[in-house]
1. Return the residues of segment 102-137 that are touching a helix residue (DSSP H, G or I) at 6+ places or on another chain (Cβ under 8 Å), in a strand (DSSP E or B) and over 18 Å from residue 265 (Cβ atoms); say none if nothing qualifies.
2. Picking from 188, 251, 222, 205, which residue would you name as being more than 21 Å from the chain's Cα centre (by Cα) and either under 27 Å from residue 283 (Cα atoms) or free of Cβ contacts under 8 Å to residues at least 12 places away in the same chain (or both)?
3. Within segment 57-73, does at least one residue satisfy the condition of being crowded, with 18+ Cβ neighbours inside 10 Å and either in the same structural domain as residue 121 (by TED's automatic domain parsing) or farther than 30 Å from residue 275 by Cα (or both)?
4. Just checking, does segment 116-124 include any residue being in contact (Cβ under 8 Å) with a residue 24 or more places away in the chain, surrounded by 22 or more Cβ atoms within 10 Å (Cβ to Cβ), in contact with a strand residue (DSSP E or B) (Cβ under 8 Å, 6 or more places away or on another chain) and outside the structural domain of residue 196 (by TED's automatic domain parsing)?
5. Run residue 53 past the list (1) part of a helix (DSSP H, G or I); (2) surrounded by 15 or more Cβ atoms within 10 Å (Cβ to Cβ) and report the number of the one that doesn't hold.
6. So in segment 17-39, with the set limited to residues that are part of a loop (DSSP other than H, G, I, E, B) and surrounded by 14 or more Cβ atoms within 10 Å (Cβ to Cβ), which one is nearest to the chain's Cα centre (by Cα)?
7. Kindly evaluate residue 81 against the criterion of being surrounded by fewer than 22 Cβ atoms within 10 Å (Cβ to Cβ), under 30 Å from residue 7 (Cβ atoms) and modelled with pLDDT of 95 or more.
8. For residue 42, state whether it is free of Cβ contacts under 8 Å to residues at least 60 places away in the same chain and either in a strand (DSSP E or B) or assigned by TED's automatic domain parsing to the domain that holds residue 132 (or both).
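The values are calculated or read from the model by the stated rules, or taken from the named source; none is laboratory data. Keep in mind that what you see is a predicted model, and the values were worked out from it rather than measured. When we count neighbours, we look across all protein chains shown, and the Cβ atoms used for this are built from the backbone with ideal geometry, even at glycine.
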């Protein structure tokens with residue numbers, strides 16, 4: 001018999017000493033997307049004194065890598081939820097994190113900029129990461145590269161194009177077009193001048209949450225050492241709640257021309273969406289290729 005999620009989560013919070021026998025533990029279904037989220041409320045005297053988010057992930061490895069990515073962001077000074085390990089039972093895995101109370105009427109622009117400044121302040125030795133991780137539900141390779149174009153093609157665009165061709169969404173000729181585009185534009189734009197910086201890697205608006213006191217927190221990272229414009233372009237793919245103008249780019253120390261390459265950097269998340277969600281995103285990929293012919 002499969003143990004119900006609420007019973008399992010309650011028991012594991014007690015086992016990990018995140019709750020104790022004095023607590024009334026209420027488990028609520030929070031949301032359903034690529035992953036299921038549960039909210040665990042700890043109550044005493046009918047008052048909530050602590051909350052956790054418990055995220056069901058596809059595997060223990062996925063949960064471990066997400067926690068490691070959050071720690072990497074947090075070590076820079078970027079605000080992220082604290083993680084408290086995994087729950088593993090009968091082939092199911094859950095990552096426990098602090099719940100961030102939202103509801104601020106302020107956009108959190110200053111806090112958002114401070115998070116980005118913390119992330120991008122230090123130049124890294126190479127592009128890539130110490131281990132492969134995930135983008136959504138897909139594998140994300142992370143070999144080390146000295147040139148941005150090599151990293152962007154071999155570990156970002158190429159794996160997604162190969163998968164999209166296998167699924168019948170794109171053609172082999174699209175692969176050749178993208179390869180030429182990546183190398184030609186990376187060189188002409190001098191993208192290596194900024195150098196590799198730690199990036200969130202999947203920074204769409206849903207992965208930036210604003211707390212009730214206006215503090216922004218970054219969640220669900222797919223970290224690597226890459227180009228900062230990757231994050232900035234991703235944030236604009238579905239509409240940014242933050243000001244993404246020239247003043248932001250200058251505060252991050254980014255060169256003139258930042259903000260003009262958004263379609264180029266959106267190619268990767270568009271390909272990811274093609275491979276996860278299907279044909280409705282193919283036109284977006286084609287628009288990017290047309291924009292740089």
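1. Listed by number, the residues that qualify are 133, 134.
2. One residue alone meets the criteria, 188.
3. No.
4. No: segment 116-124 contains no residue that is in contact (Cβ under 8 Å) with a residue 24 or more places away in the chain, surrounded by 22 or more Cβ atoms within 10 Å (Cβ to Cβ), in contact with a strand residue (DSSP E or B) (Cβ under 8 Å, 6 or more places away or on another chain) and outside the structural domain of residue 196 (by TED's automatic domain parsing).
5. Every listed condition holds for residue 53 apart from (1).
6. Once the filter is applied, the top-ranked residue is 35.
7. Judged against the criteria, residue 81 is a match.
8. Judged against the criteria, residue 42 is a match.
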